[in-house]
Structures are given as structure tokens and as C-alpha cells.
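Novice: Let me give you the structure first, and then I'll get to my questions.
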Amino acid sequence: MAEFLLPKLGADMSRGRLVEWVKKPGERIARGEVIAVIETDKANVEVEAFASGTLERVLVEPGDEWLPVGTPLAVIGAAAGTAAAPRAAEQPAPRPEAAPAAQGRARATEAPPKLPPATAAPSPTNAPASRALTPPAPPIAEGARLRVSPVARRRAAELGVDLAALPGTGPHGRIVLADVEAAARAAVEERQPERPAPAAPLTAAEQAQEKRARVRAAIAAAMARAKREIPHYYLGTTIDLTRALAWLAAYNAERPVAERMLYGVLLLKAVAAALREHPELNGFWREGRAELADAVHLGVAISLRGGGLVAPALHDADKLALPELMRRLQDLVTRARAGSLRSSEMTDATVTVTSLGERGVEAVYGVIYPPQLALVGFGKVVTRPWVADGRVAPREVVTATLSADHRASDGHRGALFLDALDRLLQEPESL
Amino acid sequence: MTNDEIKTKVLAALAAVAPELEPGELAPGANLRDELDIDSMDALNFLVGLSQAFGIDIPEADYRKLSTLEAIVGYVAARVG
């Protein structure tokens with residue numbers, strides 16, 4: 001038995017509103033199934049279950065109240081035949097529709113797995129008693145490596161729990177899942193008095209205005225944090241796209257509208273492939289060190305029609321053939337704008353790609369979305385005089401930029417990445 | 001098919017990518033990309049909608065001709081008779 005807590009679906013989320021329970025009490029839940037719909041300040045998100053089980057009871061009904069991240073929303077019982085297995089709970093759960101080897105380190109919203117009996121689902125009031133079963137470990141010196149179970153690390157990232165401030169109750173002071181969830185619940189309790197009283201109903205115009213303000217506030221929080229904490233460095237290069245665009249035109253000319261591709265898909269695939277060659281730019285900065293991701297999940301910056309933007313993940317972009325990448329991009333953009341993204345898409349991105357070329361911008365020097373390590377930007381495709389083989393000729397070119405975290409990589413590595421990107425885009429048929 | 005019937009279907013395809021569209025407020029000669037803040041993905045989805053609604057193919061070379069409601073209605077009318 002474990003509590004299903006309001007997850008943190010991105011660096012800019014501190015609260016959420018329960019829109020709908022997709023599952024009802026008594027219903028069985030398969031891992032990866034959508035269990036609820038949560039409204040964040042930026043979008044509605046379909047939250048997926050982390051483990052199989054039964055929705056025993058809901059603790060919160062859908063409504064207008066904003067709840068802090070970490071608020072218990074429901075109680076999940078074990079699935080038949082999956083009784084509590086403490087070690088199993090430490091294993092990462094595979095993301096649905098993907099092979100285990102293709103997972104990134106960030107995890108989707110997860111219903112907590114079974115907990116060890118001694119620490120199972122402590123309520124806020126019994127959490128200290130549970131901890132008392134194992135003496136707290138001494139505080140960990142700054143810079144020392146934290147002992148944290150993988151599942152606890154992922155959960156802490158989801159719930160916004162600072163691991164450095166947490167005493168571990170596991171063996172040798174290891175921080176386990178129960179420590180993280182107890183800390184999240186305690187934080188929620190502390191914030192309870194700050195919950196605003198229900199407001200009077202708003203008009204449609206006021207609701208839209210409030211929504212825009214919330215989106216801006218969420219973006220402001222994440223971007224201010226990024227600029228405050230991440231020492232960015234910026235690089236740019238001009239890439240000749242003439243060959244890639246000619247290849248794409250020939251490809252599209254043979255297909256009906258519904259099967260055509262946008263040139264942005266070539267850019268995305270090339271970024272993903274270049275990151276495979278230079279993994280130092282793909283992953284996260286956490287607890288004082290770079291955590292490189294096993295998979296390449298591209299966060300695609302998508303502007304929302306009401307204002308603001310989201311950057312949901314295109315999973316395993318490096319492994320997808322171009323037509324499939326196009327299909328998934330189309331689906332992702334459509335769902336982002338319709339407000340039906342899934343929680344794994346909100347949390348799994350290992351790097352962000354953005355393009356402002358359609359609005360005439362020639363180069364984008366973006367702000368990294370924490371805790372990611374880099375952001376790749378593309379500007380407008382323009383025709384420029386270009387010298388090749390000693391002759392000047394008009395070429396279609398684009399400015400590609402890299403914003404990267406200097407704690408995790410140096411300019412030399414970033415330059416090699418941009419060089420690889422250029423090379424890959426000269427061979428579009430190989431992407 | 002009359003031009004009004006074509007226009008109704010075109011507006012329905014547009015509304016699928018720009019739900020906030022108020023058909024009465026869209027001037028026939030207004031640039032759709034600017035007026036409705038349509039990007040390349042929206043534009044492609046709109047063209048897919050048009051293609052399906054009228055059973056026509058739209059070559060990439062013709063995309064530039066389809067910048068206004070008036071131009072689109074004329075383009076479709078010429079192909080569906």
C-alpha cells in the first residue's frame with residue numbers, strides 16, 4: 001500500500017490542480033496507464049502510473065483547489081502477485097512503449113512502488129516514528145556523495161525534495177523512497193496554512209488572464225533559476241542546408257500532404273544523432289555533478305496558442321526513422337496545444353531544442369531548462385552567398401546555436417557537437 | 001460545390017488548428033499565418049485537413065499560393081469544379 005502523491009512535472013511546477021480521476025476506486029491499474037489528469041500552471045497533463053496495483057481510495061476530489069507538489073492524492077494497493085519486495089521497489093520501472101535500454105534517467109509521474117514493511121507509507125504523523133526505527137545518519141558534508149537509492153533519487157526530482165537536506169534511514173544512512181515521500185508530505189503540511197481561500201468565480205476573460213499570468217509565473221521561476229544557477233556558455237555556427245532541403249523537397253514531392261515531412265524533423269534527428277556522439281551535453285546537473293542520460297529524449301519547445309510554451313519530450317529521437325519522428329512530432333504538437341500531454345513527456349526530456357526561425361529570428365541563444373545540460377537553437381533558413389570550391393553561390397543556410405552548462409562541458413566539446421550537427425545535415429539520406 | 005460551401009469547409013479545417021478563430025472576424029484577404037499565428041506544423045495540419053475535406057492533393061509548390069482565405073477558396077474551387 002502506498003500513497004500516490006502530486007508529482008512535480010518539470011522544474012517550473014510547484015503546484016497542481018486535480019482535473020479528473022481517469023481510474024476509479026477499486027479499478028486495477030497497469031503500469032504506464034493514465035490514472036489522473038492534473039492541471040499545472042502551463043498545461044493539462046495525463047499522469048501515468050508507475051507500478052501496477054489497485055486504486056484503493058482517492059484522497060482528493062477534482063476541484064479548483066491548487067495543491068502543492070507532494071500532496072497525497074490517492075492510496076494505491078499492491079497488484080495481485082506483486083507483494084512488497086523491498087529490493088524490487090528500488091528497480092526503475094520501464095517507460096511504456098519503450099525498451100528498458102532506451103530509458104532516460106528522468107522518470108515520469110509515478111505511483112509509488114511497494115515500500116518495505118518497516119517504512120510503508122508513513123503518514124505525516126507517524127513518519128518520525130518510522131524513522132526512529134533506524135537512527136538517522138549523520139549530516140552529510142557538503143560535496144560528499146549522497147547515498148541515495150535510484151528510485152528515491154527519481155522521486156525526489158519529481159517531488160522537488162532536496163536530497164542534501166534529508167537524513168537517510170536506510171542501511172548506512174542511505175536515503176530511501178520512504179524518506180523522500182515523508183519529506184514531501186512534511187513540506188506540504190508546512191505549506192497548508194498558506195493555501196488561499198477559494199476565490200469567487202471568474203469570468204472567461206479573467207480566467208484567460210489568470211491562466212496567462214500563471215504560465216508566465218511558471219516560466220519566470222524556471223528561467224530565473226536557470227540564469228541564477230547555470231553558468232551558460234554560448235556557441236553558434238552557420239550550416240548549409242541546401243542539400244538537406246533539396247533532399248526533403250524530392251522526398252515530399254512523391255508523397256501526399258499527410259505523409260510529408262517538415263525540415264524541422266531533419267534538424268531534430270541530426271541533433272539527436274550528434275548528441276549520441278557527444279553525450280556530455282545530454283542529461284542533467286544534479287547534486288553537484290553531471291548525470292548523463294542513457295537515452296536521447298528531445299524536449300521540443302512548442303509555443304501555446306494562449307501564450308507561453310512547453311517543451312515535452314520526443315522519446316528516443318535518435319532511434320526513430322524520419323517518418324516516425326515526423327508522426328510523433330505532429331502528435332506531440334497537436335496534444336501540447338490541446339492540453340493532453342502525458343506526465344512522462346513533461347519530465348523525461350534530456351535536452352531542449354527550440355526554433356524561432358519561422359518568425360524571422362536568425363539565431364536563438366536560449367536559456368537552459370533546468371536541470372538539463374544544454375539547449376540547441378535554430379534560426380531562420382535564409383539564402384546567403386556562400387563560398388564553396390572557390391566559387392560564390394547562393395545557399396540555403398541556418399544558424400545553429402548551443403547553450404550549454406559550463407559545469408558539465410567545455411566550449412571545445414560544444415564546438416565538436418555543432419560540427420557533428422553540420423556534418424550530419426550534409427547527409428540527410430543517412431539520418 | 002459553391003464558393004460558400006467551400007469557404008465553410010475551409011473555415012472548419014482552419015478552426016481545427018486555430019480553435020480561437022472567429023470566422024466572421026477573418027478578412028478574406030488577411031494573411032492567415034500572421035492573422036492566426038500559424039506555424040509550419042499548424043499549416044501542414046491545415047493542408048492535410050483541406051486535402052481530406054476536398055479529396056485533392058496540394059503540391060508543395062502551391063503552398064505559397066494559399067496565404068489568404070480568398071486565395072484558398074479560389075484554389076480549391078478550381079480543383080473541385
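Novice: Residue pairs, Cβ under 6 Å, 6 or more apart or interchain, first in the range A:48-61 and of a type in the set (Lys, Arg), second in a strand (DSSP E or B) and open to solvent by less than 30 Å² (accessible area, probe 1.4 Å). List them.
Specialist: Every condition considered, the pairs that remain are A:Arg57/A:Val75.
Novice: What helices (runs of 4 or more DSSP H) lie completely within the range B:11-81 and have 3 or more residues being in contact (Cβ under 8 Å) with a residue 40 or more places away in the chain? Lay out the reasoning, then the answer.
Specialist: Working: elements: B:32-36, B:40-54, B:69-80.
By residue number, B:40-54, B:69-80.
Novice: Right, something else. How many residues does the range B:57-76 contain that are surrounded by fewer than 14 Cβ atoms within 10 Å (Cβ to Cβ) and within 11 Å of chain A (Cβ to nearest Cβ)? Walk me through it before giving the result.
Specialist: Applying the first criterion (surrounded by fewer than 14 Cβ atoms within 10 Å (Cβ to Cβ)) to the range B:57-76 yields B:57, B:59, B:61-62, B:64-65.
Applying the additional criterion that residues be within 11 Å of chain A (Cβ to nearest Cβ) yields B:57, B:59, B:61-62.
Result for the range B:57-76: 4.
Novice: Scanning for something surrounded by fewer than 23 Cβ atoms within 10 Å (Cβ to Cβ), basic (Lys, Arg) and without any contact (Cβ under 8 Å) to a residue 12 or more places away in the chain, does the range A:364-385 turn up at least one residue?
Specialist: no
Novice: Can we say A:Arg214 is open to solvent by less than 30 Å² (accessible area, probe 1.4 Å), outside the structural domain of A:Thr350 (by TED's automatic domain parsing) and among the basic types (Lys, Arg)? Spell out how you get there, then give the answer.
Specialist: On the way: open to solvent by less than 30 Å² (accessible area, probe 1.4 Å): yes; outside the structural domain of A:Thr350 (by TED's automatic domain parsing): yes; among the basic types (Lys, Arg): yes.
Yes, satisfied.
Novice: Can you name the condition, by its number, that A:Arg342 falls short on among (1) within 25 Å of A:Tyr233 (Cα to Cα); (2) buried (at least 17 other Cβ atoms within 10 Å of the Cβ)?
Specialist: Answer for A:Arg342: the failing condition is (1).
Novice: Of the residues in the range A:273-309, how many are in contact with a Leu (Cβ under 7 Å, 6 or more places away or on another chain) and within 14 Å of chain B (Cβ to nearest Cβ)?
Specialist: The total comes to 4.
Novice: Taking the range A:31-45, which residues are closer than 22 Å to A:Ser303 by Cβ and in contact with a Ser or Thr (Cβ under 6 Å, 6 or more places away or on another chain)?
Specialist: A:Val45 - this is the single residue of the range A:31-45 that is closer than 22 Å to A:Ser303 by Cβ and in contact with a Ser or Thr (Cβ under 6 Å, 6 or more places away or on another chain).
Novice: Conditions: (1) modelled with pLDDT of 90 or more; (2) away from chain A (no Cβ under 14 Å); (3) open to solvent by less than 50 Å² (accessible area, probe 1.4 Å). B:Leu26 meets all but one. Number of the miss?
Specialist: (1)
Novice: Of the numbered conditions (1) open to solvent by less than 40 Å² (accessible area, probe 1.4 Å); (2) within 20 Å of the chain's Cα centre (by Cα), A:Ala74 satisfies every one except a single condition; which is it?
Specialist: (2)
Novice: When you check A:Ala363 against the structure, is it away from every other protein chain (no Cβ under 14 Å), more than 26 Å from A:Leu292 (Cα to Cα), small (Gly, Ala, Ser) and touching a strand residue (DSSP E or B) at 6+ places or on another chain (Cβ under 9 Å), yes or no?
Specialist: Against the criterion (away from every other protein chain (no Cβ under 14 Å), more than 26 Å from A:Leu292 (Cα to Cα), small (Gly, Ala, Ser) and touching a strand residue (DSSP E or B) at 6+ places or on another chain (Cβ under 9 Å)), A:Ala363 qualifies.
Novice: Got a number for residues in the range A:322-360 being away from chain B (no Cβ under 14 Å) and among the hydroxyl-bearing types (Ser, Thr, Tyr)?
Specialist: So the answer is 5.
The values are calculated or read from the model by the stated rules, or taken from the named source; none is laboratory data. Because the structure is predicted, anything quoted here is derived from the model rather than measured. All Cβ positions, glycine included, derive from the backbone under ideal geometry; neighbour counts span all protein chains shown. When the accessible area is computed, the model is the full protein with side chains, heavy atoms only, and any ligands, DNA or RNA have been set aside. Shrake-Rupley method; radii C 1.70, N 1.55, O 1.52, S 1.80 Å.
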